[in-house]
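Before any comments, here is the structure.
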């Protein structure tokens with residue numbers, strides 16, 4: 001049988017999906033890793049990027065620091081974290097062996113797209129809109145919440161979307177430190193010359209990445225500002241239809 | 001439909017990548033320039049795998065053949081299938097492992113899921129692979145006593161505290177095993193330890209003799225770690241091998257595999273290689289490998305040094 005047929009057979013066999021260590025188990029583990037790491041990234045990255053965008057300073061630094069995160073191989077980072085005394089390879093509940101190390105590595109990996117797009121999104125709010133908001137006597141806080149954030153949301157969401165898909169696909173590296181996720185099946189498949197399992201599991205990861213991408217695109221549509229609702233009518237009255 | 005096409009395209013391009021990876025190690029070069037004539041000199045092509053142990057043994061072969069008057073060309077590649085396609089042919093001699101070669105020839109001939117023909121019994125394994133060797137046009141010289149097999153270690157402390165020196169001493173225990181991910185389901189690893197030794201194994205896929213595996217055992221996260229019988233670093237780390245007293249390891253004895261056609265033309269290669277096999281054992285080879293992997297001496301230097309000591313090289 002060709003490799004393609006073997007892979008198809010693997011993917012269409014119920015036993016590949018169910019049971020302990022099956023694809024469904026592993027998918028759930030990886031989704032949990034991904035979502036948690038993304039939330040950690042959001043928690044750290046968003047406030048910083050939003051604030052820097054709002055005051056309009058320090059963005060160069062923030063973006064370059066977070067871009068270093070792009071240059072450092074995530075697996076190298078993970079290896080260092082696992083070798084270190086803390087966080088080390090300790091078990092962390094459902095996140096498995098070296099759970100904390102994996103989460104930190106993935107969260108750092110999520111930072112560059114989150115920080116870059118969020119900072120840019122805030123900075124890209126047109127100057128005339130900001131002037132109009134200032135002219136109306138809005139305070140800095142008001143301007144941020146009522147003008148900048150709503151207008152920045154769509155671009156911010158695309159950053160989140162990007163980070164989500166990247167982290168999802170990269171979360172397979174957890175397997176390299178004996179952690180959970182679909183990577184475990186990919187690694188063991190290739191290690192045991194069961195290429196069909198390795199390729200099948202990799203295809204599943206890719207397919208779920210597409211699904212996540214589409215779902216995130218849907219969520220992004222939901223936060224798209226309908227002009228009437230998001231931007232105060234008074235601001236629109238001043239700047240007209242340029243929005 | 002689009003989705004299916006995309007999946008097919010993805011699968012195909014994956015396949016191409018794999019093929020391309022193999023093509024990168026292509027050995028086919030000049031295979032027409034071999035000197036005819038019996039024995040003594042001419043060109044010989046050695047191929048082997050590129051990990052330190054194989055590189056060292058290959059360097060020993062190369063030094064001996066050079067001494068015998070041959071013009072030696074050595075090709076080290078990542079894995080066995082990369083040279084096996086051209087052996088015999090553009091490759092003449094390969095420093096092999098009995099069971100590894102036997103099982104590879106078997107799966108090449110009988111499919112990915114063919115039952116392994118190797119066992120811990122060297123003679124039985126040699127006999128089982130004989131027809132496959134003949135079909136392929138290969139022959140084996142004398143196997144060495146040295147055998148590169150999977151082996152399992154514990155800390156010296158664990159061994160003393162629990163009186164464990166053999167794998168069978170762990171029968172009935174629940175053990176965490178740090179090992180290569182390919183351990184799962186293998187008769188010489190997880191399956192053998194579970195079924196033959198009755199050990200309740202939980203596998204941590206941390207690698208074969210990898211820093212992570214050593215660390216996991218030293219930290220007490222795992223009790224058992226996977227390495228090879230030729231691992232000369234254990235002592236210094238305070239680790240000890242457990243004896244495979246029920247024989248789950250296939251007979252991975254070192255053995256020269258030679259093209260039948262080449263050996264007919266050059267029968268004089270047999271003697272020095274057989275002498276080399278006789279001179280090697282696990283402890284000796286283990287120490288030599290440490291000089292390559294830990295002390296970073298070149299395989300060529302270590303090989304020559306050893307061969308001179310043994311009087312195999314002037």
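Can you give me the ranges of the strands (runs of 3 or more DSSP E) entirely in the range B:123-211 with at least 1 residues that are crowded, with 16+ Cβ neighbours inside 10 Å, within 14 Å of chain A (Cβ to nearest Cβ) and touching a residue at least 60 places away in the same chain (Cβ under 8 Å)?
B:150-155
Of all strands (runs of 3 or more DSSP E) completely enclosed by the range B:213-294, which ones contain at least 1 residues that are under 18 Å from the mean Cα position of the chain (by Cα)?
B:224-228, B:254-259
Could you list, in sequence order, the residues of the range A:186-216 that are more than 10 Å from chain B (Cβ to nearest Cβ) and closer than 15 Å to residue A:30 by Cβ? First the steps, then the outcome.
Of the residues in the range A:186-216, the ones more than 10 Å from chain B (Cβ to nearest Cβ) are A:197, A:201, A:204-205, A:208-209, A:211-216.
Residues satisfying the conditions are A:201, A:204, A:205, A:208, A:209, A:211, A:212.
Within the range A:129-232, which helices (runs of 4 or more DSSP H) (wholly inside it) include 2 or more residues that are crowded, with 18+ Cβ neighbours inside 10 Å? Don't jump to the end; show me each part of the working.
Working: elements: A:140-143, A:149-170, A:183-191, A:195-223, A:227-230.
It comes to A:149-170, A:183-191, A:195-223.
Mind checking which residues of the range A:1-30 are within 25 Å of residue A:108 (Cα to Cα) and touching a residue at least 24 places away in the same chain (Cβ under 8 Å)?
Hits for the range A:1-30 are A:26, A:27, A:29, A:30.
Values quoted throughout were computed directly from the atomic coordinates according to the rules given, and no laboratory measurement underlies them. Just so it is clear, the model here is predicted, and its values are computed rather than measured. Cβ sites come from the backbone with ideal geometry, for glycine too, and all protein chains shown count toward neighbours.
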